[in-house]
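**Q** Sharing a structure here in C-alpha cells format.
The values are calculated or read from the model by the stated rules, or taken from the named source; none is laboratory data. Since the model is a prediction, treat every value here as computed from it, not as a measurement. With ideal geometry, Cβ positions are generated from the backbone for all residues, glycine too; neighbour counts draw on all protein chains shown. We work out accessible area using only protein heavy atoms, side chains counted, and drop any ligands, DNA or RNA first. Shrake-Rupley method; radii C 1.70, N 1.55, O 1.52, S 1.80 Å.
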Amino acid sequence: MKSDHISTSDIRSAFSAAMSAMYREEVPAYGTLMELVGRVNDETLAARPALKERLQATDYLDRISEERHGAIRLGTAAELAMMARVFAVMGMYPVGYYDLSTAGVPVHSTAFRPIGDAELKRNPFRVFTSLLRLDLIADEDLREASAQILSKRQIFTEGAIALTEKAERNGGLGKEDAQHFVNEVLKTFRWHDEANVDAAMYHRLHDAHRLIADVVSFKGPHINHLTPRTLDIDQVQSLMPEYGIAPKAVVEGPPTRACPILLRQTSFKALEEPVSFRNADGVWETASHTARFGEIEQRGIALTPKGRALYDKLLDNSRKIVRPAADGSNARDYEAALAQSFAEFPDDWSAIRAESLGYFTYSLTAKGKAAATTRGDIEALINQGLVQFDPIVYEDFLPVSAAGIFQSNLGDGAQQEFVASPNQKRFETDLGMKVLNEFDHYAGIEQASIDACLQALSKQDAAE
C-alpha cells in the first residue's frame with residue numbers, strides 16, 4: 001500500500017458507517033432496533049463481569065457495538081463479479097458457499113467479509129450476497145423475460161466503476177478518492193421506489209416467488225437489512241414489542257445455551273412500502289412492495305466439521321419433530337423440540353474442545369508468561385495452567401437460518417419448493433474467483449495460536 005493510500009479497513013469502516021446512517025434514515029425502525037440492542041448489550045455486560053473480562057482480553061469487546069452485517073440480492077453474473085471487485089477495495093472477500101434452494105429460496109450465496117483476525121477486530125462488516133437462480137424458475141417465458149429485464153440495468157455508477165478500477169490499478173485509494181468511492185458505491189444499495197417493470201409483470205414475478213420480484217423489478221438491489229450483534233438475543237426478542245417492533249415468530253439457529261454455538265438470528269417483519277409501476281399508457285400507478293426488514297444476531301463459537309455435522313443432524317431432528325410455521329402458531333412446540341434435540345450437544349467449553357466440536361484460540365496465562373522452563377504439548381501446558389483457550393467467533397452464516405429469515409419476511413405463503421441444486425462451481429465461475437473454505441480458515445487461526453504459544457514458551461526456555 002502506498003503511503004498516501006488509506007487502509008482497506010478504513011474504507012470498510014467508512015462504508016459500514018455510511019450504510020448504517022442511510023438505512024437508519026430509510027428505515028427508522030432500524031434506529032429503534034439499534035437502541036434496543038445497545039440497551040441489552042450494556043445490561044448483559046453489567047450482569048456478567050466474567051464475560052466482559054474475556055471480551056476485553058480477546059479484543060472482542062470494542063467490536064461488538066460496531067458489528068454489522070447486511071444482505072443484498074443480485075440478478076446477474078456480471079453484477080456478482082463487479083460486486084466482488086468493489087468489496088475487495090474494502091478488504092472484503094468471499095467466504096463460504098450457501099445453497100438456499102434446499103430451503104425453498106431460489107438463490108445461492110456467499111458472504112463477503114474481512115478474513116484476517118486483525119482486520120475483523122478493526123471492523124467486522126459483512127455482506128451476505130445472493131445471486132438469483134433464474135434456472136430455478138419453472139416458467140420458461142418468465143425466465144427469459146427476467147433475464148432480458150436484468151440485462152438492461154446497470155446497478156453501479158460510472159464513478160464507482162472508475163474508482164474500483166483505479167484502486168485495482170494503483171493498489172489502493174487516497175483519502176479523497178476513498179470518500180468518493182464510498183459515496184458512489186452507497187448509491188448501489190439505496191432504495192428505489194420506482195419499478196423497472198409494469199404491475200402485470202411484477203405480479204407474474206411475485207407469483208413465481210416474492211424474492212424473484214424483489215430482485216428483477218427494481219433499478220438496483222437495495223440493501224434489504226442491516227444486522228447489529230447482541231449478547232442476548234432472547235432478551236432482545238422479548239423486548240421488541242415493548243419498543244413497538246413486531247418480532248418474527250422464532251429465533252433461527254440453535255437453542256439458548258450457556259456456551260453459544262454458530263449463529264442465532266431474529267428480525268422484525270418486513271415493511272410494506274409504496275412503489276410505483278408505469279402502466280401501458282405510461283402513467284405511474286402506486287402499489288406496495290415488501291422486502292426490507294431489521295435483523296439481530298448473536299454469534300457463538302465456530303464449529304469444526306465434526307461439530308457442524310452434529311449441529312446439522314440435531315437441527316434436522318428437531319424439524320422432524322416440529323417444523324416451525326411462518327405464522328408462529330407452533331413456536332413454543334418448535335422451541336421445545338429444538339431444546340430437546342440439542343441436549344446431545346455439549347454445553348461446556350472444555351467438553352466442546354475435548355470432543356473437537358469447536359475451534360479455539362490459545363494464549364498464555366499470567367503463569368505461562370512468567371514460566372521459565374516448560375516442556376510438553378498444548379494439552380500438557382493447559383493442564384499445567386500455562387495456556388488458556390477461548391472460543392473463536394463464528395463469522396459466517398447458516399443457510400437454513402438465512403432462508404428462515406427470508407421466508408418469514410416474504411409472507412406465510414412464500415415457501416415454494418425448489419429442487420435442491422447446489423452448484424458451487426457455477427457460482428464461482430460467475431463470481432470470477434473461488435470462495436474461501438471457512439473450516440480451513442478457522443483451523444488455520446487455531447493452529448497459528450497454538451504455534452505462537454509453543455514458540456513463546458520455547459523462547460522463554462531458551463532465554464533461561
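**Q** Calculate the dipole size of region 249-333 relative to its Cα centre from +1 charges on Lys and Arg beta carbons and -1 charges on Asp and Glu beta carbons; express the result in debye to the nearest 20.
**A** With only Lys, Arg, Asp and Glu charged at Cβ, the dipole is about 700 debye.
**Q** So how much accessible area does Glu355 have, in Å² to the nearest 10, using a 1.4 Å probe?
**A** 80
**Q** How large a share of the accessible area of the chain, in percent, is made up of carbon and sulfur atoms when the probe is 1.4 Å and the other protein chains stay in place?
**A** 50
**Q** Hey, got a sec? Which trypsin sites (Lys or Arg not before Pro) in region 74-159 land in a DSSP loop and have at most 11 other Cβ atoms within 10 Å?
**A** Qualifying residues, ordered by number: Lys152.
**Q** Something else: Relative to the Cα centre, what is the charge dipole magnitude of the chain, using +1 at the beta carbon of each Lys and Arg, -1 at the beta carbon of each Asp and Glu, and rounding to the nearest 20 debye? Mind showing how you got there, number by number?
**A** On the way: 50 positive and 66 negative charges, 121 e Å.
Roughly 580 debye, rounded to the nearest 20.
**Q** Arrange the residues Asp234, Asp451 by how much accessible surface each exposes, largest first, with a 1.4 angstrom probe.
**A** On the way: Asp234 55, Asp451 75 Å².
Final ranking, largest accessible area leading: Asp451, Asp234.
**Q** Ignoring ligands, DNA and RNA, how do Lys369, Lys52 rank by accessible area with a 1.4 Å probe, largest first? Display every interim value, and only then the final one.
**A** Values: Lys369 140, Lys52 80 Å².
The residues order as Lys369, Lys52, largest area first.
**Q** So how far, in whole Å, is the C-alpha centre of region 182-254 from the one of region 74-129?
**A** Here the two parts' Cα centres lie 17 Å apart.
**Q** With n ≥ 4 as the cut-off for DSSP H runs, can you work out [θ] at 222 nm for the chain, using -39500 (n - 2.57) per run divided by the number of residues, rounded to the nearest 500?
**A** After summing the helix terms and dividing by the residues of the chain, the value is -15000 deg cm²/dmol.
**Q** Pairs of alpha-carbon atoms within less than 8 angstrom and 6+ residues apart define the contacts here; what relative contact order does the chain have, in percent?
**A** That works out to 19 percent.
**Q** Okay, next question. What whole-number value in Å² describes the accessible area per residue of the chain for a 1.4 Å probe?
**A** Dividing the accessible area of the chain by its residue count gives 42 Å².
**Q** Where the only charges are on Cβ atoms (+1 Lys, Arg; -1 Asp, Glu), what is the dipole of region 216-283 about its Cα centre, to the nearest 20 debye?
**A** Once rounded to the nearest 20, the dipole reads 220 debye.
**Q** Here is a further query. Of the listed peptides 89-98, 390-399, what is their order by residue-averaged count of other C-beta atoms within 10 Å, with the highest listed first? Numbers along the way, then the final one.
**A** Working: 89-98: 23.0, 390-399: 20.8.
Put in order of decreasing packing, that is 89-98, 390-399.
**Q** Here's something else I'd like to know. Pull up all non-local amide H partners of Glu285: gap of 5 or more, or a different chain, and H-to-H distance under 5 Å with H placed in the peptide plane.
**A** For Glu285, the qualifying residues are Phe277, Arg278, Asn279.
**Q** Now for a different question. What span do the alpha-carbon atoms of region 135-262 cover on each of the three principal axes, reported in whole Å from largest to smallest?
**A** 48, 47, 28 Å, listed from the longest principal axis down.
**Q** Given N residues in region 258-366, what is its alpha carbon radius of gyration divided by 2.2 N^0.38 Å?
**A** Numbers: Rg = 21.5 Å, N = 109, 2.2 N^0.38 = 13.1 Å.
Ratio of Cα Rg to 2.2 N^0.38 Å: 1.64.
**Q** Something else now. Once ligands and nucleic acids are excluded and a 1.4 Å probe is used, how much of Glu144 is accessible, expressed in Å² to the nearest 10?
**A** 100
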